[in-house]
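To keep things clear, I will list the structure first and then write my remarks on it.
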Amino acid sequence: MLADQLDYIVGVDPHRDTHALAIVHVVSGAVVFEATVIANSDGYAQALRLAEEHAEGRRAFAVEGTGSFGAGLTRFLNGRGEQVLEVGRLRRERRSGGKTDALDAVRAARSALARERPATPRAGGDRQALQALVAAREGAVNAKRAGLCQLRDLLITTPEPLRSELRPLTRARLLQRLAATRPHGQRDAELRGSLLALRSIARRVLQLTIEERELAREIETITRKLAPQLLEQPGVGPHAAAQLVLSWSHQGRITSEAAFARLAGTAPIPASSGQTIRYRLDRSGDRKLNRALHMILVTRKRTHPATITYIERRMQEGKTRRETNRCLKRYLARNLYRLLEHGGPPTTA
C-alpha cells in the first residue's frame with residue numbers, strides 16, 4: 001500500500017486562480033496543515049516551501065486534475081523531483097460530506113492513500129505538444145465540417161441561375177469558384193448577399209483545410225518520434241497512433257494490458273444468462289481511444305487478410321458479428337499495448 005511508503009501526503013484541489021492544499025499525516029490520518037496558494041509560479045514555489053516545512057520526510061502530492069487546472073503545479077513539482085499522484089473526481093463523497101476547496105484537498109489526499117497503486121500524471125514534453133496539436137486539429141476539422149454543412153444549406157436557397165451553375169461542381173472546384181467571386185458589382189440585393197455569404201464560408205473552409213493539413217503533418221512527425229512501431233501496424237494511421245500515445249502516455253503508467261483494455265473500453269464484461277455464456281464490451285473508459293481502435297478495425301476488415309480470415313472463422317463457430325468485433329478489439333488492445341510498452345523508447349517527461 002502507498003501508506004506504507006509515505007509519512008505525509010499533500011492533497012491539492014486546483015482551480016484557475018488558486019490551489020487549496022491540505023497536508024495529511026499518513027499514520028494518524030490527521031490534517032496537519034491547510035493553506036491556499038496562488039495558481040502561478042510564485043504560488044507553486046510557496047506550496048513546495050509549505051510542504052518542506054510541514055511535511056518533512058517521505059511525502060507525495062495528490063493532485064486532482066493534473067491535466068487541467070493542476071497541470072502547472074504538476075509540471076513544477078515534477079521538475080523539482082517531487083512525487084506526484086493523479087486523483088480522479090470525488091463527486092459522490094462531496095454530496096455526502098459537503099463541499100469546500102479545503103475539504104476537497106483533504107479528500108484528494110485520503111483517496112490517494114486508500115489506493116494500492118494510485119495513478120501517475122500523464123507525461124509532458126512531446127506528448128503534451130502532441131495533445132495540443134491534436135486538439136487544435138480536431139477544432140479545425142469540426143469547424144471545417146460545420147462550414148461545409150452551412151455552405152450546402154446556403155446553396156439550396158441560392159437564386160437561379162447561379163444555383164444551377166454551382167450544383168455540378170466538385171467540392172474543390174466549388175470552393176475555388178466561390179472564394180474568387182466578386183459580389184460587390186451585383187445590383188440584385190439577394191444575389192449579392194448570397195454571394196458574399198458563400199464567398200466568406202468558402203474562404204473560411206479553404207483556410208481551415210490549410211491549417212488542418214499543417215497540423216496533421218506536425219502530428220505525424222511527433223508520433224513517428226514517440227512510437228514509430230505503431231505506424232508499421234496494418235490499419236494504424238498517424239491520427240489513430242497519436243490517440244494511442246496520448247491515452248497510454250508513458251511506460252509504466254498503465255500496469256498491464258488488461259488495464260489498458262479497460263481504459264480503452266474493450267474489456268469483456270460477463271453477460272451470461274442460464275445456459276447462454278457470452279460477454280459484451282465495456283462502455284466506459286476513454287471513448288476517443290475506443291474510437292481509434294474501432295477505426296483501425298474498420299480498415300483491417302477491408303484490407304488485412306488475417307483479420308478477414310479470423311472474422312470468417314469466428315462466424316462459422318456461431319459467434320455474432322458484434323461478438324466477433326468484441327474479440328477483435330480485445331486482441332487489438334493487447335497487441336498495441338505491448339508495442340507501446342515494450343516496442344519503443346520511453347517517453348520523456
Discussion item. Taking only the Cα atoms of segment 261-349, how large is their convex hull per residue, in Å³?
Written reply: 115
Worksheet item: What share of the DSSP beta bridges in segment 1-137 is antiparallel, in percent to the nearest 5?
Response: 60
Worksheet item: Sorted by packing (mean other beta-carbon atoms within 10 Å per residue), highest first, where do 305-316, 25-36 land?
Response: 25-36, 305-316
Response to the item:
Tyr279 and Arg167 label points (each 7 Å along its Cα→Cβ direction) are spaced in nm at 5.3
Discussion item. Going by average Cβ density within 10 Å per residue, which order do the peptides 60-69, 203-212 take, highest to lowest?
Written reply: 60-69, 203-212
Worksheet, complete the sentence: Note to self, the chain gives a 222 nm [θ] from helices alone (DSSP H runs n ≥ 4, -39500 (n - 2.57) apiece, / all residues, nearest 500) of -18500 deg cm²/dmol
Worksheet entry | Candidate aspartates and glutamates for bridging to Lys288, where Cα separation is under 15 Å - those fewer than 8 sequence places away on the same chain excluded | Glu138
Worksheet entry | Interatomic Cα distance distribution for segment 167-317, bins of 10 angstrom, percent | 9, 22, 24, 18, 14, 9, 3, 0
Worksheet item: What accessible surface, in Å², does a 1.4 Å probe find on Cys327, ignoring ligands, DNA and RNA and rounding to the nearest 10?
Response: 20
Item to complete: Taking the dipole about the Cα centre of the chain, with the C-beta of Lys and Arg at +1 and of Asp and Glu at -1, give me whichever of Ala132, Pro305, Met295 is farthest to the positive side.
Response: Pro305
Item to complete: Give me the percent of the accessible area of segment 224-349 that comes from carbon and sulfur atoms, probe 1.4 Å, all protein chains in place.
Response: 51
Worksheet item: What is the Cα coordinate range of segment 76-156 on the first, second and third principal axes, sorted by size from largest, in whole angstrom?
Response: 60, 36, 22
Worksheet item: When the chain is fully extended, how far beyond the present Cα-Cα distance does Ala271 get from Lys99, taking 0.36 nm per residue of separation?
Response: 58.2 nm
Practice prompt. Quantify, in whole percent, the carbon and sulfur part of the accessible surface of segment 68-193 (1.4 Å probe; protein heavy atoms only).
Written response: 49
Fill in: Normalised convex hull volume, the chain, alpha-carbon set, Å³ per residue
227
Worksheet item: Compactness ratio of segment 1-155: Cα Rg over 2.2 N^0.38 Å, N = residue count?
Response: 1.27
Discussion item. Beyond a 32 Å Cα-Cα separation, which of these cross-linked pairs lie in this structure: Lys144/Lys225; Lys144/Lys319; Lys225/Lys329; Lys144/Lys329?
Written reply: Lys144/Lys319
Worksheet item: For His342 and Arg217, FRET efficiency with R0 = 25 Å and r from the beta-carbon atoms, rounded to 0.05?
Response: 0.30
Worksheet, complete the sentence: Here the gain from full extension of Ala146 to Gln186, 0.36 nm per residue of separation minus their alpha-carbon distance, amounts to 11.7 nm
Response to the item:
If R0 = 41 Å, then Ala306 and Ser200, at their Cβ-Cβ distance, give a FRET efficiency to the nearest 0.05 of 0.25
Worksheet item: What is the P(r) of segment 218-267, as percent of Cα-Cα pairs per 10 Å bin from 0?
Response: 26, 51, 23, 0
Worksheet item: For segment 197-330, what's the relative contact order in percent, using C-alpha pairs closer than 8 Å and at least 6 residues apart?
Response: 20
Worksheet, complete the sentence: Against the 2.2 N^0.38 Å rule of thumb, the C-alpha Rg of segment 1-69 sits at a ratio of 1.07
Worksheet, complete the sentence: Expressed as a whole-number percentage, the relative contact order of the chain with C-alpha contacts under 8 angstrom and at least six residues apart is 14
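The values are calculated or read from the model by the stated rules, or taken from the named source; none is laboratory data. Not measured: the values here are computed from a predicted model. Heads up, the Cβs are rebuilt from the backbone with ideal geometry, glycines too, and the neighbour counts pull from every protein chain shown. When the accessible area is computed, the model is the full protein with side chains, heavy atoms only, and any ligands, DNA or RNA have been set aside. Shrake-Rupley method; radii C 1.70, N 1.55, O 1.52, S 1.80 Å.
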